[in-house]
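For reference, the structure discussed in these notes is given below.
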Amino acid sequence: MTRNISDSADEIICPCSGTTRAKIQSLFEEGLDIEAISRRTGALSGCSGCEWDILEILKDLSER
Ligand code: FES
């Protein structure tokens, strides 16, 4: 699968909250949905510029 964003776990997906890809992945694995992840991390509660990236990450994880 081709991706144009880095797959590094330490990559900050949401600069507003400092949420990393690894954090999103671990919360997804705990069974949290995007709203719960947002409440837990603060992601999507600022500019919402990370929304597309987070949706893509969750989509990828749920397709694994
Ligand atoms: S980058 Fe996530 S809310 Fe701004």
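Using each residue's phi in region 51-61, evaluate 6.51 cos²θ - 1.76 cosθ + 1.60 at θ = phi - 60° and report the 3J(HN,Hα) Karplus result to the nearest Hz, with x for Gly and Pro.
With coefficients 6.51, -1.76 and 1.60, one gets 4, 4, 4, 5, 4, 5, 4, 5, 5, 4, 5 Hz.
List the residues, sorted by chain then number, that are 5 or more residues from T20 or on another chain and whose placed amide H is less than 5 Å from its amide H.
The list, which skips near neighbours in sequence, is I13.
Please report the base-10 log of the normalised intensity I(q)/I(0) for the chain, using a Debye sum with one equal scatterer per alpha carbon and no solvent, at each q in 0.13, 0.14, 0.18, 0.19 (1/Å).
-0.29, -0.34, -0.57, -0.63
Could you give me the ³J(HN,Hα) list for region 36-49, computed from phi with Karplus coefficients 6.51, -1.76, 1.60 and θ = phi - 60°, whole Hz, x at Gly and Pro?
Per-residue couplings from phi come out as 5, 4, 4, 5, 6, 9, x, 4, 6, 9, x, 7, 6, x Hz.
Where does each of I24, I13 land when they are ranked from fewest to most other beta-carbon atoms within 10 angstrom? Present the calculation step by step, with values, prior to reporting the outcome.
Details: I24 25, I13 20.
Final ranking by Cβ density, sparse to dense: I13, I24.
No value in this document is a laboratory result; all are computed from the given coordinates. A quick note: this is a predicted structure, and the numbers were derived from the prediction, not measured. Counting neighbours? That spans all protein chains shown, and the Cβs are built from the backbone with ideal geometry, glycine included.
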